[in-house]
Amino acid sequence: MWRYIIRRLLSLIPVLIGISLFVFLLMHLTPGDPAQLMLGEGAPAHQLEALRESMGLNEPWHIQYINWLKNAIRLDFGHSLRSKKAVATEILDRLPATAELAIAAVSIAVLIGVPVGILSASKPNSTFDNIAMVGALTGVGMPAFWQGIMLILLFSVTFQLLPSSGRLGGWQYLVLPAVTLGTAATASIARLTRSAMLDVLQQDYVRTARAKGLRSRRVVYRHALRNALIPVVTMIGLQFGGLMSGAVLTETIFAWPGIGRMLVEAINNKDFPLVQGTIMTFALTYALVNLLVDVLYAFLDPRLRTTYE
Amino acid sequence: MFKKSWFVVLLVLAVAFAGVGVVGAQTLTVAQGADPVTLDPHGQNDQPSARVRVQIFETLVNHGPNLEIIPGLAKSWEQIDDVTWEFKLEENVKFHNGDGFTAADVKYSFERIKELPSPAAFLIDSVKEVVVVDPYTVHIVLNEPFAPILAHLAHPSNAIVNRRSVEEAGDGFGSLVAVGTGPFVFEDWVSGSHVTLSRNEQYWGEPAKVETLVIRGIPENTVRAIELETGGVDIAYNIDPTDEFRLTGTPGLILDKSQTLSTSYIGFNVQKEPFDDVRVRQAINYALDVEAVVDYIYTGQAAPAGGPLAPLVWGALDVEGYEFNPEKAKALLAEAGYPDGFKTTIWTNDNPLRMQIAEMFQADLAEIGVDVEVLIVPWATYLADTAAGKHDMFILGWVTVTADPDYGLYALFHSSQFGDPGNRSFYANERVDELLDLGRVEADPDKRAAIYAEAQEYIVAEAPWAFLIATMEVNGMRDNVEGFMAHPAGHHKLSTVSKK
């Protein structure tokens, strides 16, 4: 198992380099000059030149990339062109907020979505099932920016129960953004759990278990669920990886100091080092989450353990 | 059986809430539409950063309530020759780290601005050197006479910093450390969330009225207004028109509308046909219903601009401009040889207000037979392509940050400033060039005002722009907030604000 993990981690390196090159090319080949964007409508020529020079933008692009790579290998990701702060600092400052929101949203999704999915599957086409699935559809259909503002109007303005925005300390600030973000994930997980369970409940070994006289609850939870969870765990992993990349809309509405908002601004400002560093972070997070999910499979399905040798 | 326990509970609650009341009154929370980029006054020069920096750092001179130049860290000044200004500095000023403020700090600050280079270094292009005469006297020596120098020195990007704190902080200056001389001391900055400042108890001037100042970034306009409504913040900057409409009349809130130094305009590429003919440009000015733009697009958060300068800029002419007269427009077009109009394009970036202006403009011009296609260009390319002159017409804005007409006119209308520096109309007029050059060096204010008056009259008559509006700003606050003074450039100083 360890050899497998190490192999996976090593294979990350070419992936990350490839991504970094791709992002670099995209940023440099698309129009827009960070110095010009910084100075705005009135950019005296000599000032523009001086800024470009100080940002190292006059070098040919492949030299700029190689310089970046040389530093990146030593874990020096440079400085933001705008704020002059170290890229690593910028990212680490905002990562906890995003992680907090992602974990909260995924927790809501799992704590509500999985049980709902299981119950729906146990009583297919019942009233509960129908309501749950329609609810799920609605959840996926609601745009985040609309839902966010609706929740604020309801819980902050009308009922005055929760703060409207910000991350100023305390669980109260986390509730509305996490619910907004978690709704779509909850809906997807509920539906997937339901269909995976339904699938598994049709299997022969489940019929055998029932024929043996095992109680229904035992059949569902001990025998069926573990196998149904495999696709669900994949989806949870994907959701989490995606949420860690920052939910820009939710972060913007709730003034949540996360990484998604930071990345969008960096892209608009053509802040190359910051964009590069942030996307590397996403790629790494995503890859690690996927690795974790794959390792979890081995625990869920013993048959897979041998493939990990 | 005396309900002692209830009494105790009530007492505790009373104390708790009394405490909340007292502590609450000492913290002022302000919300603006974006997070600062850096707190280094010599760094990136954007509005959200400037709004925090002006509480911490100070300049040699300031803009007073009527945008007149008043003392700052310099208590007096005198122009001792054509190119030399002598400043006498305040003598008992301490930086937030305890160091005394002296002339050496002024020299260090201006040299730092030029060396970095600060993105706003061009503001002190005219400065050749800073000479320390004695610990509280500096000479600022210019390359050539530059009349607006005082207005430029009042700009927040020319604030004075402390050498020791800059050198010790290294990369962290502007994010972990921000040592100035101002009425507020930098405490903490939670990236993407808020900046916390505390009152400078050793401030050399009038101390701040509140103990703690928290400045939050809330990008979504509606949510910022909601925070004001629910009391989550005490002041919310830039209430946008829809929220202004919703909040007007709400008990407990004050909406303060003030003029800014910003204008929005439509520029013609005067080197391209048919805009090389002044009659065409004038015709388009007559065809535009600017009142409608003010009423429907800005919903009152603007005023029509008859000329190129925002009304609060020193020396701005109160110009009638072109009234809305489609008949006259058609007549002028016919005279210029376009009785049936012509086809053309207007560029805008994806700014929602500008896109709406473009649509209204299209409709107005259709009335006089001009067929306008609206092209939406992403911001990243907008500046570059308009600088290259690829456009027919374009919509843009300008902020005369120094409140001086030189800044508001030179970069936009002088023939040496084509493209990136600001003259995207590629307008060139010998007399206007002459006037703008003269205005830069003329020391006598009355003569200077006359020079700029003539320049503005020319510019209005020649119409390299379709003059649109001067924007206004609406800031909202709870009604227990007192002493808020809006600065037309947008970086409001908050040391005078208190909470009842």
Tell me which residues, restricted to the stretch A:70-87, are more than 15 Å from A:I19 (Cα to Cα), surrounded by fewer than 17 Cβ atoms within 10 Å (Cβ to Cβ) and among the aliphatic types (A, V, I, L, M). A:L75
Would you mention how many residues in the stretch B:317-341 are closer than 23 Å to B:R424 by Cα and either among the aromatic types (F, W, Y) or modelled with pLDDT of 95 or more (or both)? 1
Would you call B:D364 away from chain A (no Cβ under 14 Å) and buried (at least 19 other Cβ atoms within 10 Å of the Cβ)? yes
Name the residues in the stretch B:38-47 that are in a loop (DSSP other than H, G, I, E, B) and under 16 Å from the mean Cα position of the chain (by Cα), would you? B:P41, B:Q44, B:N45, B:D46
Among the candidates A:L214, A:L153, A:L238, A:L176, single out the residue that is surrounded by fewer than 17 Cβ atoms within 10 Å (Cβ to Cβ) and either within 11 Å of another protein chain (Cβ to nearest Cβ) or of a type in the set (S, T, N, Q) (or both). A:L153
Does any residue in the stretch B:381-404 that is within 26 Å of B:A302 (Cβ to Cβ) and within 9 Å of chain A (Cβ to nearest Cβ) come within less than 8 Å, Cβ to Cβ, of a residue that is of a type in the set (A, V, I, L, M) and assigned to a helix (DSSP H, G or I) six or more places away or on a different chain, and which pairs are these? B:L383/A:L37; B:W398/B:L412
So which strands (runs of 3 or more DSSP E) stay within the stretch B:327-446 end to end and still have 3 or more residues that are more than 22 Å from the chain's Cα centre (by Cα)? B:343-348, B:371-376
Here are some conditions: (1) within 13 Å of chain B (Cβ to nearest Cβ); (2) in contact (Cβ under 8 Å) with a residue 60 or more places away in the chain. A:D76 meets all but one. Which one does it not meet? (2)
Looking at (1) modelled with pLDDT under 95; (2) more than 30 Å from B:Y407 (Cβ to Cβ); (3) touching a strand residue (DSSP E or B) at 6+ places or on another chain (Cβ under 6 Å), which is the one condition that is false for B:E273? (3)
If you check every pair at least six apart or on different chains, which have Cβ atoms under 6 Å apart with a residue in the stretch B:259-287 that is assigned to a helix (DSSP H, G or I) first and a residue that is of a type in the set (V, I, T) second? B:A287/B:I368
Residue check: is A:A247 over 30 Å from A:L51 (Cβ atoms) and under 12 Å from the mean Cα position of the chain (by Cα)? yes
State which residue is nearest to the other protein chains (Cβ to nearest Cβ) when the search covers only the stretch B:229-253 and only residues that are surrounded by fewer than 17 Cβ atoms within 10 Å (Cβ to Cβ) and of a type outside the set (S, T, Y). B:G231
If we ask which residues in the stretch B:93-110 are loosely packed, with under 14 Cβ neighbours inside 10 Å and closer than 30 Å to B:A486 by Cβ, their number turns out to be 0
Would you confirm whether any residue within the stretch A:83-102 is free of Cβ contacts under 8 Å to residues at least 12 places away in the same chain, within 14 Å of chain B (Cβ to nearest Cβ), closer than 30 Å to B:P219 by Cα and in contact with a strand residue (DSSP E or B) (Cβ under 7 Å, 6 or more places away or on another chain)? yes
Inspect all residues belonging to the stretch A:128-148 and state whether any of them is within 11 Å of chain B (Cβ to nearest Cβ) and either surrounded by 18 or more Cβ atoms within 10 Å (Cβ to Cβ) or modelled with pLDDT of 95 or more (or both). yes
Any residue in the stretch A:253-267 that's within 17 Å of A:M280 (Cβ to Cβ) and at the interface with chain B (Cβ under 7 Å from one of its Cβ atoms): show its pairings with residues that are assigned to a loop (DSSP other than H, G, I, E, B) and modelled with pLDDT of 95 or more at Cβ separation under 8 Å, as long as the two are six or more apart or on different chains. none
Which one of the conditions (1) crowded, with 21+ Cβ neighbours inside 10 Å; (2) touching an Asp or Glu at 6+ places or on another chain (Cβ under 6 Å) does B:L332 fail to meet, given that it meets all the rest? (2)
Condition set in contact with a Pro (Cβ under 6 Å, 6 or more places away or on another chain) and in a loop (DSSP other than H, G, I, E, B), scope the stretch B:288-308, selection surrounded by the most Cβ atoms within 10 Å (Cβ to Cβ): answer is B:Q301
Quick one: which strands (runs of 3 or more DSSP E) sit completely within the stretch B:110-228 and have at least 2 residues that are within 14 Å of another protein chain (Cβ to nearest Cβ)? B:184-190, B:194-199, B:212-217
Any idea which of (1) more than 30 Å from B:T84 (Cα to Cα); (2) in contact with a helix residue (DSSP H, G or I) (Cβ under 6 Å, 6 or more places away or on another chain); (3) more than 11 Å from every other protein chain (Cβ to nearest Cβ); (4) of a type in the set (G, A, S) is the one B:A331 doesn't satisfy? (2)
The one condition in (1) over 30 Å from B:S175 (Cα atoms); (2) of a type in the set (A, V, I, L, M, F, W, C); (3) modelled with pLDDT of 95 or more that B:L247 fails to fulfil: (3)
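Residue-wise test of (1) surrounded by fewer than 17 Cβ atoms within 10 Å (Cβ to Cβ); (2) within 14 Å of chain B (Cβ to nearest Cβ); (3) touching a Leu at 6+ places or on another chain (Cβ under 7 Å).
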site	(1), (2), (3)
A:V23	no, no, no
A:P31	yes, yes, no
A:A35	no, yes, yes
A:E41	no, yes, yes
A:H46	yes, yes, no
A:A50	no, yes, no
A:L57	no, yes, no
A:I63	yes, no, no
A:W68	no, no, no
Going through the stretch A:156-172 in order, the residues found to be surrounded by 21 or more Cβ atoms within 10 Å (Cβ to Cβ) and not in a loop (DSSP other than H, G, I, E, B) are A:S156
Number of the condition not met by B:E78 [criteria: (1) crowded, with 22+ Cβ neighbours inside 10 Å; (2) assigned to a strand (DSSP E or B)]: (1)
Inside the stretch A:156-167, can you point out the residues that are at the interface with chain B (Cβ under 7 Å from one of its Cβ atoms) and either without any contact (Cβ under 8 Å) to a residue 24 or more places away in the chain or out of contact with any Lys or Arg (no Cβ under 7 Å at 6 or more places or on another chain) (or both)? A:S156, A:V157, A:Q160, A:P163, A:S164, A:S165, A:R167
Do we find that A:Q203 is within 14 Å of chain B (Cβ to nearest Cβ), surrounded by fewer than 16 Cβ atoms within 10 Å (Cβ to Cβ) and not β-branched (V, I, T) in this structure? no
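The values are calculated or read from the model by the stated rules, or taken from the named source; none is laboratory data. In this text, all values refer to a predicted model and were calculated from it rather than measured experimentally. Every residue, glycine among them, receives a Cβ derived from its backbone with ideal geometry; neighbour counts consider all protein chains shown.
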